[in-house]
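**Student:** Supplied in structure tokens, the structure appears directly below.
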Amino acid sequence: MSTRRHFLKLTAAAGLAPAIASAQGAGRVVVIGGGYGGATATRTLKALEPKLDVTLVEPSPVYTSCPFSNSVLANLREISQQEFRYDGLKRAGVTVAATSATAVDAATKTVTLADGNRLSYDRLVMSPGIDFNWGALLGYDEAAAQKMPHAWKAGAQTMLLRSQLQAMEDGGLVVMSAPANPFRCPPGPYERASLIAYWLKIWKPKSKLLLLDAKDAFSKQRLFQNAWAELYPGLIEWVPLSKGGKVISVDPATLTFTTEFASHKAAVGNVIPPQRAGAIAGQAGVADRTGWCPVEPVAFESTLRPSIHVLGDAAIMGGMPKSAFAANAQAKVCAAAIVALLAGRKPQDPILINTCYSLVAADYGISIAGVYRPAKGQLTEIPGAGGVSPLEAVGGLRGQEALYAASWFRTITAETFG
């Protein structure tokens, strides 16, 4: 009951209290993907309606968190601190199928698993994360990622990039490429550049970082650039789209990045490639021609396949960005909506919050927040309800925000994984 009360408080704070009266009967919900969206959805469903039969389909026994993984590159954390298991979900009554989903049949409401079993559902929640558009960037494929890591899925790639940085001679050039929108975690490339610069400043002070960007603007831009001028003068060079920053090809054999106007040979190359929804989304028919999944903004039900809900990075959410906090918030709203729908009620319109912290140094944090509500078929940011860190910080605010970031990470992982 304490867990149920905890989730009732969380959802009430988001304006969901009217939507979560107990369902009158049991139902079957299958959730594909055990990240911040999927895992939160399972826990919330069981907390709101313990009679529900909830199964999480997730092949990996350990989830490795992308949030805070940039700190691993800077030697501020170990990869083991990014790893979380699903024991807490099992204790909450969730069935964990330790395999992958290979097919979804929306007509028969079944999910086929890699182990040969099939699961039937009344509602399906898909939170498959992202996959890469291999080949969309000339020269970059899965093999190339072993030479020029993306590290955009945390784990082995994170450690590969860290080892390459550590092995690089002092004075070597680190080159990063950032893709056009949309992609997972809009501020992520700029936090990464910051924390690599933080590490270089200490351990490789003769080295520099070149950030080639397919955009002319990015999240928290003025905050990042002010911090770079203050902390890393001459160490980070950002080349935007309008100045030839878009990378059109890479050569993993020579670690060369080619733009429309120049070529850059790296000592260490980090390619963040174009992305799309996880592959199972395409098979299930919930991804459109963009590669992403359109949903309605109340229950996050697919506009292409009824009774299938899509959360997190894979979905098109209007103004709401692709972040762990967003996925966590969407999962709570979606779970409440599913409980209502299974009870024959109409879900209430939600209010959702997203907050994103970024570290520029170990003791220097910045943040952005937004508040969203349904409008004209998508989630729209409420003007004046969010905000960013002030450009001029006093009283140790940057250090406080770094502490807030660490506290946020501890809180959201404990809530999600138990």
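**Student:** State yes or no: is S177 out of contact with any Ser or Thr (no Cβ under 6 Å at 6 or more places or on another chain), assigned to a strand (DSSP E or B), farther than 25 Å from S127 by Cβ and of a type in the set (S, T, Y)?
**Tutor:** yes
**Student:** Now for a different question. Check K206, K243 and return the single one that is within 26 Å of T258 (Cβ to Cβ), exposed (fewer than 14 other Cβ atoms within 10 Å of the Cβ) and free of Cβ contacts under 8 Å to residues at least 24 places away in the same chain.
**Tutor:** The conditions single out K243.
**Student:** Among the numbered conditions (1) of a type in the set (G, A, S); (2) under 21 Å from the mean Cα position of the chain (by Cα); (3) buried (at least 24 other Cβ atoms within 10 Å of the Cβ), tell me where A336 comes up short.
**Tutor:** For A336, the exception is condition (2).
**Student:** Can I ask one more? Could you please give the count of residues in region 280-312 that are aromatic (F, W, Y) and within 15 Å of L124 (Cβ to Cβ)?
**Tutor:** 1
**Student:** Something else about it: Going through region 169-219 one residue at a time, which ones are among the polar types (S, T, N, Q) and within 19 Å of A229 (Cα to Cα)?
**Tutor:** Within region 169-219, S194, S207, S219 meet the criteria.
**Student:** Which residue is nearest to A107 (Cα to Cα), if the candidates are limited to region 302-328 and must be of a type in the set (S, T, N, Q) and in a loop (DSSP other than H, G, I, E, B)?
**Tutor:** Ranking the qualifying residues of region 302-328, first place goes to S307.
**Student:** Exactly one of (1) in the same structural domain as E301 (by TED's automatic domain parsing); (2) loosely packed, with under 14 Cβ neighbours inside 10 Å; (3) within 30 Å of P186 (Cα to Cα) is unmet by S100. Its number?
**Tutor:** Answer for S100: the failing condition is (2).
**Student:** I would also like to ask the following. Pick from region 177-203 the residues that are without any contact (Cβ under 8 Å) to a residue 40 or more places away in the chain and among the aliphatic types (A, V, I, L, M): which of them is nearest to A326 (Cα to Cα)?
**Tutor:** A197
**Student:** Filter region 342-398 down to the residues that are touching a strand residue (DSSP E or B) at 6+ places or on another chain (Cβ under 7 Å), closer than 30 Å to V72 by Cα and of a type in the set (S, T, Y), then identify the one that is surrounded by the most Cβ atoms within 10 Å (Cβ to Cβ).
**Tutor:** Here the residue is S358.
**Student:** Of the residues R43, R28, R91, only one is within 22 Å of the chain's Cα centre (by Cα), basic (K, R) and modelled with pLDDT of 95 or more; which?
**Tutor:** R43
**Student:** While we're looking at this one, here's another question. With respect to K322, determine if the residue is surrounded by 21 or more Cβ atoms within 10 Å (Cβ to Cβ) and of a type in the set (K, R).
**Tutor:** yes
**Student:** Suppose we filter region 258-306 for residues that are within 19 Å of the chain's Cα centre (by Cα) and at positive phi; how many remain?
**Tutor:** Looking only at that region, the number is 2.
**Student:** Please state which one of D105, D122 is closer than 29 Å to N328 by Cα, among the acidic types (D, E), out of contact with any strand residue (DSSP E or B) (no Cβ under 7 Å at 6 or more places or on another chain) and in the same structural domain as E49 (by TED's automatic domain parsing).
**Tutor:** Selected residue: D105, the only one of D105, D122 that is closer than 29 Å to N328 by Cα, among the acidic types (D, E), out of contact with any strand residue (DSSP E or B) (no Cβ under 7 Å at 6 or more places or on another chain) and in the same structural domain as E49 (by TED's automatic domain parsing).
Conditions (1) outside any helix (DSSP H, G or I); (2) assigned by TED's automatic domain parsing to the domain that holds L89; (3) over 18 Å from the mean Cα position of the chain (by Cα), marked per residue:
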| site | (1), (2), (3) |
| --- | --- |
| Q330 | no, yes, no |
| E392 | yes, no, yes |
| R398 | no, no, yes |
| T411 | no, no, no |
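**Student:** Can you tell me how many residues within region 163-200 are of a type in the set (K, R) and surrounded by fewer than 22 Cβ atoms within 10 Å (Cβ to Cβ)?
**Tutor:** 1
**Student:** Could you check F183 against (1) farther than 25 Å from S263 by Cβ; (2) assigned to a loop (DSSP other than H, G, I, E, B) and say which number it fails?
**Tutor:** (1)
**Student:** Just checking, which of D87, D105, D122, D115 is surrounded by fewer than 24 Cβ atoms within 10 Å (Cβ to Cβ), more than 18 Å from A156 (Cα to Cα), touching a helix residue (DSSP H, G or I) at 6+ places or on another chain (Cβ under 9 Å) and without any contact (Cβ under 8 Å) to a residue 24 or more places away in the chain?
**Tutor:** Residue meeting the stated conditions: D105.
The values are calculated or read from the model by the stated rules, or taken from the named source; none is laboratory data. The structure displayed is predicted, hence computed values, not measured ones. Note that each Cβ is placed from the backbone with ideal geometry, even for glycine, and that neighbours are counted across all protein chains shown.
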